[in-house]
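Quick note: the coordinates plus some simple rules give every number you see, no bench work behind them. As the structure is a prediction and not an experimental result, all values here were calculated from the model. Ideal geometry is used to build each Cβ from the backbone, glycine not excepted, and the neighbour counts take in all protein chains shown.
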Amino acid sequence: MIGKIVDVNDLGYALVKRLTISSGNAEVEVEVPVRVLQETNFYAVKDRDVEFEVSHEVGDLDKWQIVMSGEVYLKNEKEKLVFSSLGGLRLAIKSEEFYRDLKVGDKIYFKLRSV
């Protein structure tokens, strides 16, 4: 899914950035360690075009700069939000499609790359 980084926040309590990515029918907030961004040469800047994928299968890793695995732990029906923990880092997806397809307890993979 193609999207655009619409916001980047430094989390003061950790060496982590929270990226907000907007796509046509989804908004994603994902926390990524600064070290991972540096080691993968992923430049997290506002207005940058990116591709992301959320899936149950790991798939082909070669085309992705960042791949994180986690588990869905909460769904908010009113806002169609799905929350996942990626090794203690938060992934929040606001999307009717993802809300419908993901269930609490599902293991997922979040994949990200620049386009």
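Lys and Arg at +1, Asp and Glu at -1: add these up for the other residues within a Cβ distance under 9 Å of residue 3 and post the number.
-2
Can you classify the chain as rounded, prolate or oblate using the Cα gyration tensor, where a ≥ b ≥ c are the square roots of its eigenvalues, rounded means a/c under 1.5, and otherwise it's prolate if a/b beats b/c and oblate if not?
Cα axes put the chain in the rounded bin.
Based on the Cβ-Cβ distance of residue 27 and residue 62, what FRET efficiency does E = 1/(1 + (r/R0)^6) give at R0 = 35 Å, to the nearest 0.05?
Calculated transfer efficiency: 0.80.
If the limit is 24 Å between Cα atoms, which of 75/107; 63/103; 4/94; 17/94 go over it?
63/103
If we count trypsin sites (Lys or Arg not before Pro) as exposed when they sit in a DSSP loop and have at most 14 other beta carbons within 10 Å, what is the longest stretch of the chain that avoids them all?
1-45
What are the chymotrypsin sites (Phe, Trp or Tyr not before Pro) within the range 15-111 that DSSP puts in a loop, where the Cβ has at most 11 other Cβ atoms within 10 Å?
43
Kindly provide the GluC sites (Glu not before Pro) of the range 1-83 that DSSP labels as loop, not H, G, I, E or B, and whose Cβ sees at most 15 other Cβ atoms within 10 Å.
For GluC sites (Glu not before Pro) across the range 1-83 that sit outside H, G, I, E and B with at most 15 neighbouring Cβ atoms in 10 Å, the list reads 57, 77, 79.
How large is the helix-only mean residue ellipticity at 222 nm for the chain, computed as the sum of -39500 (n - 2.57) over DSSP H runs with n ≥ 4, divided by its residue count, in deg cm²/dmol to the nearest 500?
Numbers: 2 runs with 12 residues, N = 115.
After summing the helix terms and dividing by residue count, I get -2500 deg cm²/dmol.
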